[in-house]
Amino acid sequence: MKVHLNGVIVDEADAHISVLDRGFLFGDGVYELVRFFEGHGVGLEAHQRRLARSLDLARIRGFDTTTFADLCTALLRANGLTNATIYLQVTRGAGRVRAHVPTEPLVPTVFAMATAAEPIESLDTPQEVTAITAPDQRWQLCEIKTLSLMGNLLHLLTADDRGASEALLHRDGFVGEGAYSNMALVVRGVLVTPPIAEEPPILHGTARADLLTAARRLGIGTEIRRVALAELAHADELMITSSRRLVSAVTRLDGQPVGDGRAGPVTTALFQGMRDEIARGIHADAPAAQPSMRTTSAVAPVAHH
């Protein structure tokens, strides 16, 4: 596998990062994940804006987010992929000593990898998943897509212990999001999802934004408001959104069926609407310009800018 490291495409085995990198020592960095279908990056500009926001909030300087699209194109081409996910992470960089506060100006470490994924044609129905509810034990700044995911992972380990694949997290009686996804429910035909600017804090999900756009396009009523934990048990449908799978139906929650225990009509319509919009984007995309990016078997220090 070919990966991107600090401006250079290298073999995975030749990608070396300092043990003093702050991403390794402190989880001091941010990340993005973009889904590509036939070379079309879904919501790529929105991901780029969110990356810039995460870097700004984390006070990490030195990576030009406007290069993100070219980076993705080069990485896909180097791996011979068109259907893939691209994971990018930017850390604050490596110092000469381990220190909680950097003692010197640092150059960020930029790493990205492409992983093969299914084509758009294989996404014909929403995935059905099971979930649990859990008190949110994470930090407050959920809008930063931070590398520090221990809180999320502990929730997912608990979900796995209980035979589920996601945990819907709540604070003070209100549900925010899942451990790896945004969430929405259907109440009497209306799509309801929590706001991004109120408690509990949630990630500004790009798939969440696409879900709301699809709902408006399909004439499905929407409400953006706080969601009480007690509402989930009485929801007609429950769903989660993510870049990987678009929309998935939560068919069991805390061991009990949601609705009739299958993906409901609103979830299915939204999934198909989002899928169709992606397909239109694939056909509308013009051939991408070929960016200039070197491929080498070793990392060149001059590329670390």
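The values are calculated or read from the model by the stated rules, or taken from the named source; none is laboratory data. As the structure is a prediction and not an experimental result, all values here were calculated from the model. In this analysis, Cβ positions are derived from the backbone assuming ideal geometry, glycine residues included, and neighbour counts consider all displayed protein chains.
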Any chance region 207-226 includes a residue that's more than 19 Å from Met274 (Cβ to Cβ) and assigned to a loop (DSSP other than H, G, I, E, B)? yes
Inspect all residues belonging to region 63-86 and state whether any of them is among the aliphatic types (A, V, I, L, M), part of a loop (DSSP other than H, G, I, E, B) and over 19 Å from Ile144 (Cα atoms). yes
Output the residues belonging to region 243-288 that are part of a strand (DSSP E or B) and either modelled with pLDDT under 95 or at positive phi (or both). Leu246
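For every residue, the table says whether it meets (1) on the phi < 0 side of the Ramachandran plot; (2) at pLDDT below 95; (3) over 14 Å from the mean Cα position of the chain (by Cα).
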| site | (1), (2), (3) |
| --- | --- |
| Leu44 | yes, no, no |
| Leu51 | yes, no, no |
| Ile60 | yes, no, yes |
| Thr65 | yes, no, yes |
| Val90 | yes, no, yes |
| Ala94 | yes, no, yes |
| Thr109 | yes, no, yes |
| Ala116 | yes, no, yes |
| Glu121 | yes, yes, yes |
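Take region 250-265 and flag every residue that is of a type outside the set (S, T, N, Q) and surrounded by fewer than 24 Cβ atoms within 10 Å (Cβ to Cβ). Break it down into steps so the answer makes sense when it comes.
Taking region 250-265 as the starting set, the residues that turn out to be of a type outside the set (S, T, N, Q) are 250, 252-255, 257-265.
The answer is Arg252, Leu253, Asp254, Gly255, Pro257, Gly259, Asp260, Gly261, Arg262, Ala263, Gly264, Pro265.
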Determine which single condition Thr67 fails, assuming it passes every other condition in (1) surrounded by fewer than 16 Cβ atoms within 10 Å (Cβ to Cβ); (2) closer than 27 Å to Leu153 by Cα. (2)
Mind listing whichever residues of region 199-245 are crowded, with 18+ Cβ neighbours inside 10 Å and polar (S, T, N, Q)? Thr206, Thr241, Ser242, Ser243
Tally of residues being of a type in the set (Ser, Thr, Tyr), in contact with a Gly (Cβ under 8 Å, 6 or more places away or on another chain) and in a strand (DSSP E or B) across region 87-107: 1
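For every residue, the table says whether it meets (1) surrounded by 18 or more Cβ atoms within 10 Å (Cβ to Cβ); (2) small (Gly, Ala, Ser); (3) closer than 20 Å to Leu169 by Cβ; (4) outside the structural domain of Val19 (by TED's automatic domain parsing).
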position: Arg53; (1), (2), (3), (4): no, no, no, no
position: Leu75; (1), (2), (3), (4): yes, no, no, no
position: Val110; (1), (2), (3), (4): yes, no, no, no
position: Ala114; (1), (2), (3), (4): yes, yes, no, no
position: Cys142; (1), (2), (3), (4): yes, no, yes, yes
